[in-house]
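Data block below; observations after.
The values are calculated or read from the model by the stated rules, or taken from the named source; none is laboratory data. Treat the numbers as computed from the prediction; the structure is a model and nothing was measured. Virtual Cβ from ideal backbone geometry, glycine too; neighbours counted across all protein chains shown.
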Amino acid sequence: MKRRRIAVLGSTGSIGAQTLEVARAHPERLEIVALAANRGAPTLIAQAREFGVHTVALADPDAAAQARAELPDAQVLEGASGLSELALATGADLVVGAVSGIAGLASVLTALQHGIDVALANKEPLVAAGEIVTQAAGRSGATIIPLDSEISAIFQCLRGEDRRTIEKVLLTASGGPFARLNKQELAQVTPEQALSHPTWKMGPKVTIDSATLANKGFEVFELKWLFGLRFEQIEVVVHHQSIIHSMVQFHDGSMIAQMGAPDMRVPIQYGLLYPERVANDLPCVVLAEIGQLTFERPDVGRFPSLRLAFEAGKSGRSYPAVLNGANESAVQLFLEGRIGFTDIPALAERALEAHEPFDISSIDDVAQADTWARRFVAHEVRDGSVR
Ligand SMILES: NC(=O)c1ccc[n+]([C@@H]2O[C@H](COP(=O)([O-])OP(=O)(O)OC[C@H]3O[C@@H](n4cnc5c(N)ncnc54)[C@H](OP(=O)(O)O)[C@@H]3O)[C@@H](O)[C@H]2O)c1
């Protein structure tokens, strides 16, 4: 059997490392042909040696120089454009989009424009530029296979189903580590507390987004764009056990749920080997040990990021890109200890209120909205406090 040739963008991160773990477990089916990251040269160099990869990209020039010195036989691409060139340079069959943030947009878009299938974890491109990304795939015939566990769940529930029969999608949320805190307690949350997610081990940005529920809001965009849904068809349900990864309700009242252990390697494997289901050694859920599965409505009063996602999504135009940019810079400021936890959604909301919207028809338009939002947030946060 021909092995699937894979380029991993964001190989040094949480999803990237788990992608390589899956590849390690299925060497007869998966071949890693390219790796890319930002500045994590030592990790990327070790990965390139282990998998015999001869084409790599590092966005940071110093990290690229280090890779050139230590991998003398490798082609080392550099800068943001290096990531975009990478997939094309190696003739990969599948690009894994696992960069964190909007920084992953250009490379994912380039792959799709050239007809290369993308296994996508990186959700921010679908938030800020969902129409551009999905139209590029539509034009070239490339497939976007979701790796995010909830979105993979819906992808799996819809296999063999007529999408016109979808009544709604029930997107499950763990509720995050602060599901039980009141508004005053949420305002006191520190970066250290927010970085310890109860269920998933993830990169810092998505961990904070999970705690504010911005991440759940971003998944709403993934569902909208990947499955052609209306925002009104997407309902978020808090499900603390994270066993049901999401569900579809059909016109006839039937619901199909996808379940499993909360382990990202399962949807990653599904995405890399799609459409095959292949046996593995990953943990399974024993339902009798779990006992109960519970469901609650989310509290958008305490977690306004979720409300903002629906509002920005329904308003469309440049609002989603502004939401994404404002959130991304507010999360960074929170991680640096410069703003409080509840300032993250507050700044995103102020940015949306102040923004004069415009149409998004190109990646340059997305960049313009993103830059505007980041400048707005920087202006609001001066001298260590939010104005
Ligand atoms: N982790 C999860 O369980 C999970 C689940 C579902 C979806 N996702 C989504 O998957 C994406 C990645 O999440 P993660 O948790 O894996 O993040 P992460 O651990 O922070 O890793 C991010 C990766 O992106 C690279 N990167 C960051 N900025 C870059 C840039 N400007 N140019 C090139 N590479 C850059 C990093 O390289 P360096 O190491 O060199 O900085 C690293 O390899 C996010 O969009 C997230 O929302 C994650």
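Checking the stated criteria, residue 303 turns out not to satisfy the condition of being surrounded by fewer than 21 Cβ atoms within 10 Å (Cβ to Cβ), of a type in the set (Phe, Trp, Tyr) and touching a helix residue (DSSP H, G or I) at 6+ places or on another chain (Cβ under 9 Å). The single residue among 184, 135, 188, 156 that is of a type outside the set (A, V, I, L, M) and in contact with a helix residue (DSSP H, G or I) (Cβ under 8 Å, 6 or more places away or on another chain) turns out to be 156. Among the candidates 70, 31, 78, the residue that is outside the structural domain of residue 332 (by TED's automatic domain parsing), acidic (Asp, Glu) and touching a Leu at 6+ places or on another chain (Cβ under 7 Å) is uniquely 78.
Residues that are in the same structural domain as residue 8 (by TED's automatic domain parsing) and free of Cβ contacts under 8 Å to residues at least 12 places away in the same chain do not occur anywhere in the stretch 148-169. The residue that is farthest from the chain's Cα centre (by Cα), counting only those in the stretch 71-115 that are polar (S, T, N, Q) and closer than 29 Å to residue 208 by Cβ, is 81. Among the residues making up the stretch 109-127, those that are under 23 Å from residue 265 (Cα atoms) and surrounded by fewer than 24 Cβ atoms within 10 Å (Cβ to Cβ) are 116, 117.
Scan the stretch 83-103 and give yes if some residue there is within 16 Å of the ligand (Cβ to nearest atom), free of Cβ contacts under 8 Å to residues at least 40 places away in the same chain and either closer than 27 Å to residue 369 by Cα or part of a loop (DSSP other than H, G, I, E, B) (or both), otherwise no. Taking every residue of the stretch 83-103 in turn, at least one turns out to be within 16 Å of the ligand (Cβ to nearest atom), free of Cβ contacts under 8 Å to residues at least 40 places away in the same chain and either closer than 27 Å to residue 369 by Cα or part of a loop (DSSP other than H, G, I, E, B) (or both). Of note, residue 80 satisfies the criterion of being near the ligand (Cβ under 10 Å from one of its atoms), over 25 Å from residue 315 (Cα atoms) and either outside any loop (DSSP other than H, G, I, E, B) or among the small types (Gly, Ala, Ser) (or both).
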